[in-house]
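Here the structure is laid out as structure tokens; the discussion comes afterwards.
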Amino acid sequence: MRPIIIAGNWKMNGTIAETETLLQGLLEAGAPSSNATMIVCPPFTALYRASQLLEGSHIALGAQDMSQHEKGAYTGEVSAEMLLTVSVRYVILGHSERRQYHAESDQLVNAKAKAALSAGLIPIICIGETLTEREEGRTEEVVAGQLEGSLAGLTADQLKKSILAYEPVWAIGTGKTATPDMAQAVHKFLRSRLAGIDKEAATLIPILYGGSVKPGNAGDLLGQPDIDGALVGGASLKAADFCGIVNAV
Ligand code: PEP
């Protein structure tokens, strides 16, 4: 059985005051009615405060990115070790906004994934096609390339600890969601490509869907056999919406 994971990517939202309000809302709502794992990924500056508020709770903490380097002269970067000191357990890597605005390649995402796993963090590795790529009929080619490039050289053990997120770029923050059938088709394809790398890992790796997931569409998406959770952007900024998605599991 794969775990069900609902992760909130706050992006560049969340002052300390906003973080306190949002986390208090999530905590007051109580543990989910399902057995879903809830993760929130606030910006770096809010992680320490979030770790204090979430200590001993049912909500786990994630970061939105990290450096592939351990330490040193990398101005502006944050290492895996630094994240561990503020109780971070998960880290989003290769989000399409990192790939698009910071030119992150599969090779870089792969280096970050290896650094995260070596340090004991669980990477949530994001892949997904653009609208043009989908319209050109290249979805499978694109996501297979991203999958294989981002996971290259991971040991079977490291693969089994990783989480994958399929996020069609055209569905992120646009209000357009892949239909459950469209998303399931890509998730099934990704699982078959994972099986080509390691059969056992393919059955164990949770594949999350991301792209305008809301309380109203979460149930149908999460009902698909190869969709093991959601990576949620906009709707993770409102406690009621995020809890609505978690409770749709
Ligand atoms: C995301 O940022 O990963 C995301 C899926 O955003 P949204 O839910 O707003 O589309």
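What follows is calculated from the coordinates using simple rules that are stated; it is not laboratory data. Keep in mind it's a predicted model, so treat the numbers as computed, not measured. When we count neighbours, we look across all protein chains shown, and the Cβ atoms used for this are built from the backbone with ideal geometry, even at glycine.
With a sphere of radius 12 Å drawn around the Cβ of VAL213, what net charge do the other residues whose Cβ falls strictly inside it have (Lys, Arg +1; Asp, Glu -1)?
Here the count lands on -1.
Pick out, from GLY175, THR75, VAL142, the residue whose Cα sits farthest towards the positive end of the charge dipole of the chain, with +1 on the Cβ of Lys and Arg and -1 on the Cβ of Asp and Glu.
Highest projection toward the positive end goes to THR75.
List the residues whose amide H sits under 5 Å from the amide H of TRP10, counting only those 5 or more places along or on another chain, with H placed 1.01 Å from N in the peptide plane.
It is CYS41, by chain and number.
Could you give the size of the charge dipole of the chain about its Cα centre, using +1 on the Cβ of each K and R and -1 on the Cβ of each D and E, expressed in debye and rounded to the nearest 20?
Here the size comes out at about 260 debye.
What is the sum of charges, Lys and Arg at +1 and Asp and Glu at -1, for the other residues whose Cβ falls under 15 Å from the Cβ of ALA46?
Charge balance near ALA46 sits at -2.
What's the exposure ranking of TYR74, TYR166, going from fewest to most Cβ atoms within 10 Å? Please report the intermediate quantities before stating the final value.
Details: TYR74 12, TYR166 27.
With the sparsest Cβ surroundings first, the list reads TYR74, TYR166.
Going through the cross-link list LYS188/LYS238; LYS11/LYS238; LYS114/LYS199; LYS71/LYS112; LYS161/LYS238, which pairs have a Cα-Cα distance over 25 Å in this structure?
Violating the 25 Å Cα-Cα cut-off are LYS188/LYS238; LYS161/LYS238.
GNM, the chain, Cα, under 10 Å: largest mean-square fluctuation among THR21, THR75, THR45?
Most flexible of the set in this elastic network: THR75.
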